[in-house]
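Participant: This is the structure I have questions about; it appears just below.
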Amino acid sequence: MALTVAWYRRPTLPRAAGIGLLVGLATLTRPTELWSALIPLLWGIGSWADFRQRIAFWRQHGAHLALAVVACGLMGSLQLLYWKVVSGEWLVYSYEDQGFSWLRPHLYQGIFSIRAGWLVYTPMMALAVIGFWPLFRQHRSLFWGIVVFFCLFVYVTFAWDIWWYGGSLGQRAMVQSYAVLAFPLAAFVTQGLSFKPLWKYAMAAVCVFFIYYNFWLTHQAHRGGLLEPSFMTRAYFWRIFLRYDVPPDARKLLDTRHDFGRHRQNVQLVYANNFEDASEWPECPIPPVEGKRSVCLGAGREMSEAFSFPLSAQGGRKLRAIAVFRSLNKEWNTWKMAQMIVKIKHGEQTVSEHSIRVFRILNGHETREIYIDVLLPKKPFDRAEVMFWNAGSSQPLAIDQLRVERAD
């Protein structure tokens, strides 16, 4: 942007080449950054009259534009040369089956979702979005170029099918736009400074809270460890919000919406199994949790049988399945963590299915009671199933003392 301002003030070929090289460098970093070319093209256009004058200006300095395009292309060609040297091909698409959904961009999810919503994890930038209105009123010559760039940038960013970008604190793909969004943010602050003292103090308090909130998020994403990028759910977010310590059981909310805690009444036992009749697996390296046998899962035995029992549609809607788990070593790969699964069924049809990853809570060389809460559906059902799946993990797991309770 500094080169753009300098070039429009005094056009020179080196400045034009510099603009092209920087646009090329941005595009080399991420191909969709080619939109940054809109900044020098639309800078300072506040009306149709300005646009017509800009067309005449470009015609007058056509050689500068051509040089900028060539410089951009030369910088971008470094990627083509690298692909050719490494793979023998000029073009290589390394994202496999990932791509863009141009007609159905993930705008709401990318901006507002708990999983990785931009404004959820960077609320200060909401002030920049609000600042487009005072920017329009105060500096219309800057407004149109910035708002066009911003809208296209957001559209392209969240048209990408993996809109959460692999798991990060908020939306890392939006960071490049912050230099441009500094202008509407500054317009918002300038407007706010003209308010009455009470409103200025309120605005300052909001900004201080946003700063503290982002410090807390940064701490929990690293040293604190409570933040789980790309797995966040609404229930888990509000359980940990602005806290520095929560019970280990809270992590089950990364997989399920419900944890009734102590908020249950008229609790009734509807099923129990101590697995003394379970089929024996001689290769199990873990001793039984209690009695002579436990269900044991491991590399050679991933899935338990489904433990089925009748469940009337009449009665309380809170169902809790509880079991005692014993581990040898902790499974750290989230996708391979053993799961406790509850299915609510009507005949052979599955009405609803719920699961939690046991090793979110269970540590290595530990015996722990873990439960999963299920809110029974309003649709008809007549039975339930509980089963355990080791999900491809090589870490053995012993399970015992299964019981299922129903409550109001």
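Participant: Considering each of Ile55, Ile45, Ile111 in turn, give the residue that is in contact with a Phe, Trp or Tyr (Cβ under 8 Å, 6 or more places away or on another chain) and either closer than 29 Å to Asp161 by Cα or in a helix (DSSP H, G or I) (or both).
Facilitator: Sole residue among the options that is in contact with a Phe, Trp or Tyr (Cβ under 8 Å, 6 or more places away or on another chain) and either closer than 29 Å to Asp161 by Cα or in a helix (DSSP H, G or I) (or both): Ile111.
Participant: Could you list all residues from region 42-87 that are among the small types (Gly, Ala, Ser) and either surrounded by fewer than 17 Cβ atoms within 10 Å (Cβ to Cβ) or touching a residue at least 60 places away in the same chain (Cβ under 8 Å) (or both)?
Facilitator: Gly44, Gly46, Ser47, Ala49, Ala56, Gly62, Ala63, Ala66, Gly73, Ser77, Ser87
Participant: Quick check on Ala182: is it under 28 Å from Tyr244 (Cα atoms) and assigned to a helix (DSSP H, G or I)? Talk me through it step by step, then tell me what you get.
Facilitator: Values: under 28 Å from Tyr244 (Cα atoms): no; assigned to a helix (DSSP H, G or I): yes.
Considered against the rule, which asks whether it is under 28 Å from Tyr244 (Cα atoms) and assigned to a helix (DSSP H, G or I), Ala182 comes out as no.
Participant: Does any residue in region 316-339 that is assigned by TED's automatic domain parsing to the domain that holds Leu297 come within less than 6 Å, Cβ to Cβ, of a residue that is loosely packed, with under 15 Cβ neighbours inside 10 Å and part of a loop (DSSP other than H, G, I, E, B) six or more places away or on a different chain, and which pairs are these?
Facilitator: Going by the 6 Å Cβ cut-off, the qualifying pairs are Gly316/Asp408; Lys318/Phe260; Ser327/Gly364; Ser327/Glu366; Asn329/Gly364; Lys330/Asn363; Lys330/Gly364; Lys336/Gly392.
Participant: Find all pairs meeting these conditions: Cβ atoms under 6 angstrom apart; at least six residues apart or on different chains; first residue within region 243-258 and surrounded by 20 or more Cβ atoms within 10 Å (Cβ to Cβ); second residue in a helix (DSSP H, G or I).
Facilitator: Close Cβ pairs satisfying both conditions: Arg251/Arg360; Leu253/Ala235; Leu253/Tyr236; Leu253/Arg239.
Participant: Right, here's the next one. For region 265-319: of the residues being of a type in the set (D, E, K, R) and more than 19 Å from Tyr371 (Cα to Cα), which is surrounded by the most Cβ atoms within 10 Å (Cβ to Cβ)? Outline the logic, then answer.
Facilitator: Of all residues in region 265-319, those of a type in the set (D, E, K, R) come to 276-277, 280, 283, 290, 292-293, 301-302, 305, 317-318.
Adding the requirement that they be more than 19 Å from Tyr371 (Cα to Cα) leaves 276-277, 280, 283, 292-293, 301-302.
Values: Glu276: 12, Asp277: 8, Glu280: 9, Glu283: 11, Lys292: 11, Arg293: 19, Arg301: 16, Glu302: 14.
For region 265-319, the residue satisfying everything is Arg293.
Participant: List pairs: first residue in region 88-106 and part of a loop (DSSP other than H, G, I, E, B), second residue exposed (fewer than 10 other Cβ atoms within 10 Å of the Cβ) and not hydroxyl-bearing (Ser, Thr, Tyr) anywhere in the structure, Cβ distance under 9 angstrom, at least six positions apart or on different chains.
Facilitator: Going by the 9 Å Cβ cut-off, the qualifying pairs are Val92/Val86.
Participant: What are the pairs with Cβ atoms under 7 angstrom where one residue, in region 127-145, is under 18 Å from Lys200 (Cα atoms) and the other, located anywhere, is assigned to a helix (DSSP H, G or I) and of a type in the set (Phe, Trp, Tyr)? Sequence gap at least six, or different chains.
Facilitator: Listed pairs, sorted by first residue: Leu127/Phe188; Ala128/Phe188; Ile130/Phe188; Gly131/Phe188; Pro134/Phe188.
The values are calculated or read from the model by the stated rules, or taken from the named source; none is laboratory data. Bear in mind that the values here come from a model prediction, so they are computed numbers and not experimental data. Positions of Cβ are generated from backbone atoms using ideal geometry, with glycine treated the same way; all protein chains shown enter the neighbour counts.
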